[in-house]
Amino acid sequence: MYASHEDIGYDFEDDPKDKKTLKPDPNIDGGWAWMVVLSSFFVHILIMGSQMALGVLNVEWLEEFHQSRGLTAWVSSLSMGITLIVGPFIGLFINTCGCRQTAIIGGLVNSLGWVLSAYAANVHYLFITFGVTAGFGSGMAYLPAVVMVGRYFQKRRALAQGLSTTGTGFGTFLMTVLLKYLCAEYGWRNAMFIQGAVSLNLCVCGALMRPLSPGKEGKDPGETDPQVLPAHSPESVKSSAQLGRAEEKEGSPGHEEALDDLAAQACQEKAGHRKNMCAFRALKTVSQLTMRVRKGFQDWYSGYFGAASLFTNRMFVAFVFWALFAYSSFVIPFIHLPEIVDLYNLSEQNDVFPLTSIIAIVHIFGKVILGAVADLPCISVWNVFLMANFTLVLSIFILPLMHTYAGLAVICALIGFSSGYFSLMPVVTEDLVGIEHLANAYGIIICANGVSALLGPPFAGWIYDMTQKYDFSFYICGLLYLVGLLFLLIQPCVQIIEQSRKKSVGGTHV
């Protein structure tokens, strides 16, 4: 999945008869591969980092438009949610156009969304310009950044993905500081306009996603022109010229006029030949593009809708159910913490070192440390994954009880560290479905996370509008998160019981 002809490390011919010796690309696991990691790192900074810093703008929107917190939170949640939800559908663009073009177009659309949002007259305008437009552009740029790292690395894939995703933590810290400064100096509208210009760097990151060159010996038969001669070819002109010379030797009376006519005829035939070849090449290009779009759609359709066997795996279904509630518990603090700090009169301390920046910085170390611990031979990845999740649930329950900056800082550090389990999700998914279904399964998990990010912040704002407190929103989200986690934990026990029953039934029949 997500593999176009320009993104894979080998070149495959359409006709089996034309297949030749294939060589792996020399840049795999080295060379330009590290530039792709750098590109993906900056994509995470510009997209995920800026989205995690939207709490700064959320406060500005509340003061500007005087709307409810539940309604205003939809702006941020739409942007975050659509970025992840459209992941499976962006695969169609990747299969058709390739990662480089998709990322560049995504950078342009994302920048357009930021710039148009600077002229927003109400919150509903922001739903379209920022939530949908900027969110869709983020999805178009984000997914190729993840896919290309996977394409360029085989042996060091985990290390490369880990390094690139640390951009989320760095980006959250940098973008929080940047947006706070821009809003204070120029106002939120000019801040969004400037951020739109900054987002154009996504196009530069997309340009760095150089397709893997084919390592095939010999020339591509698809690049050679067909050896079909048109009715008026240079060969026919040559034969006509020879015939004319023969007539000249025979001493025909009007040989000079014949030569002029022959030269004019040759020019006309050459012009006609060029036109025929141009028309043939245009027709060939359209045919190849049509076949490419059709093949891309078939790969995309079979990759997702043909993967129904994934949902017969109960552990995978439980994993999707868990993902529907897990991501909101990580997103809600980023969106609503800046306002919670204002409600607790902790703005001055938060301005010195924002709580969201604490989450972001510790999140970086959490990814690295949890990944290193999970790689130890004596420790199970699942145990590390579950322990980190339970720590995050506990932190969400404790967060409403803290009303001092020091207490909130400690809990935010726990949230940042325990959320480092994100780096283990591809490994856990592979354990559930196998390497052959990893791409499809992980796309579904990301989509479920997108639904969680879409609904979580508005739900928390709606609870505040009803109770005038954020406490209940954290308790409810934490409870749903815990239910999903327990459901995931119970499934292996259920499978063991069912297997033992089948064995006992089989033994009685014997």
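The values are calculated or read from the model by the stated rules, or taken from the named source; none is laboratory data. Keep in mind that this is a model prediction, so the values were computed, not measured. Neighbour counts run over all protein chains shown; Cβ positions are idealised from the backbone, glycine included. These accessible areas exclude ligands, DNA and RNA; they are computed on the full protein's heavy atoms, side chains included. Shrake-Rupley method; radii C 1.70, N 1.55, O 1.52, S 1.80 Å.
Values for this structure:
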read-out	value
Residue tally, condition modelled with pLDDT of 85 or more and either surrounded by fewer than 18 Cβ atoms within 10 Å (Cβ to Cβ) or not in a helix (DSSP H, G or I) (or both), over the range 151-179	1
Residue within the range 479-501 that is modelled with pLDDT of 85 or more and of a type in the set (D, E) present	no
Single residue of A406, A388 found to be among the small types (G, A, S) and closer than 27 Å to K180 by Cα	A406
V132, sole failed condition from (1) touching a Phe, Trp or Tyr at 6+ places or on another chain (Cβ under 7 Å); (2) in contact (Cβ under 8 Å) with a residue 40 or more places away in the chain	(1)
Residues (closer than 17 Å to S329 by Cα and touching a residue at least 24 places away in the same chain (Cβ under 8 Å)) located in the range 393-413	V393, I396, F397, L399, P400, L408, A409, C412, A413
Unique residue being modelled with pLDDT under 80, assigned by the TED database to the domain that holds V373 and assigned to a helix (DSSP H, G or I) when the list is S419, S473, S423	S423
All positions within the range 190-214 that are more than 22 Å from T102 (Cβ to Cβ) and within 27 Å of the chain's Cα centre (by Cα)	A191, M192, F193, I194
Qualifying residue in the range 60-70 (condition: at negative phi, within 20 Å of the chain's Cα centre (by Cα), among the charged types (D, E, K, R) and modelled with pLDDT of 85 or more)	no
Residues being touching a Cys at 6+ places or on another chain (Cβ under 7 Å) and within 29 Å of L355 (Cα to Cα) - total across the range 146-181	0
Residue check for C412: surrounded by fewer than 17 Cβ atoms within 10 Å (Cβ to Cβ) and more than 24 Å from the chain's Cα centre (by Cα)	no
Every residue from the range 161-196 that is aromatic (F, W, Y) and without any contact (Cβ under 8 Å) to a residue 24 or more places away in the chain	Y181, Y186
Filter pass, Y119 being surrounded by fewer than 24 Cβ atoms within 10 Å (Cβ to Cβ), not aliphatic (A, V, I, L, M) and not in a helix (DSSP H, G or I)	yes
Neighbours by Cβ (under 9 Å, 6+ apart or cross-chain): first from the range 374-392, more than 22 Å from L486 (Cβ to Cβ); second open to solvent by 70 Å² or more (accessible area, probe 1.4 Å) and hydrophobic (A, V, I, L, M, F, W, C)	D375/A158
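Per-residue answers, yes or no, for (1) open to solvent by 10 Å² or more (accessible area, probe 1.4 Å); (2) within 26 Å of the chain's Cα centre (by Cα):
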{"site": "V352", "(1), (2)": "yes, no"}
{"site": "L355", "(1), (2)": "no, no"}
{"site": "A360", "(1), (2)": "no, yes"}
{"site": "L370", "(1), (2)": "yes, yes"}
{"site": "L376", "(1), (2)": "yes, no"}
{"site": "V384", "(1), (2)": "yes, yes"}
{"site": "M387", "(1), (2)": "yes, no"}
{"site": "F390", "(1), (2)": "yes, no"}
{"site": "V393", "(1), (2)": "no, no"}
